[in-house]
1. Can you give me the solvent accessible area of VAL48 with a 1.4 Å probe, rounded to the nearest 10 Å²?
2. What distance in nm separates the two pseudo spin-label positions at ILE28 and GLN44, each 7 Å out from Cα along the beta-carbon direction?
3. Percent relative contact order of the stretch 1-83, based on C-alpha pairs within less than 8 angstrom and at least six residues apart?
4. Largest first and to the nearest Å, give the Cα extent of the chain along each principal axis.
5. How many nm separate the modelled label positions at ASN73 and SER116, each set 7 Å beyond the Cα in the direction of the Cβ?
6. Per residue, how many Å² of accessible area does the stretch 1-45 show with a 1.4 Å probe?
7. Counting other C-beta atoms within 10 Å, and keeping those with at most 16, which DSSP coil trypsin sites (Lys or Arg not before Pro) do you find in the stretch 69-117?
8. Only loop residues by DSSP count here, and only those with at most 12 other Cβ atoms within 10 Å; note down the trypsin sites (Lys or Arg not before Pro) in the stretch 31-63 that meet that.
Amino acid sequence: QVQLVESGGGLVQPGESLRLSCAGSRIIFRFAPMGWYRQAPGKQRELVASITIDGNTNYTGSVNGRFTISRDNAKNTVYLQMNSLKPEDTAVYYCNADARYRQVWGWGQGTQVTVSS
């Protein structure tokens, strides 16, 4: 069973940056298209960034140009660099397989990102 552990969240002011990390426990992790998701209070979980096995990336419109997803297959890790953070980015962030292309694994605990002045 793949275990996913997200880290790097925190409380920041608008305009600041955070870098999230997601470590996977199984080798199969590196052969999957991956995504970062977020869930704000009272809202459904949404996919905000994705990366293919080959490193091609895609972003939802609200984060395009501000967030960058990357992966280090040797370390079984996926990253999300978040710049110019806005209050509306406040949510719990999760990583998992890109649900558009394969079944997701069990969800990790996520990492809380709070953007507030």
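1. 0
2. 2.6
3. On the way: 145 pairs, mean separation 25.3, N = 83.
It comes to 30 percent, rounded to a whole number.
4. Reported extents, whole Å, longest axis first: 40, 25, 24.
5. 4.1
6. Working: 2600 Å² over 45 residues.
Per residue, the stretch 1-45 has an accessible area of 58 Å².
7. Values: sites: ARG71, LYS75, ARG100, ARG102; in loops: ARG100, ARG102.
For trypsin sites (Lys or Arg not before Pro) across the stretch 69-117 that sit outside H, G, I, E and B with at most 16 neighbouring Cβ atoms in 10 Å, the list reads ARG100, ARG102.
8. Values: sites: ARG38, LYS43, ARG45; in loops: LYS43, ARG45.
In loop regions of the stretch 31-63 (DSSP not H, G, I, E or B), the sparsely surrounded trypsin sites (Lys or Arg not before Pro) are LYS43.
The values are calculated or read from the model by the stated rules, or taken from the named source; none is laboratory data. Keep in mind the model is a prediction, meaning the values are calculated, not measured. Cβ: placed from backbone, ideal geometry, glycine included. Neighbour counts: every protein chain shown. With ligands, DNA and RNA removed, areas are computed over all heavy atoms of the protein, side chains included. Shrake-Rupley method; radii C 1.70, N 1.55, O 1.52, S 1.80 Å.
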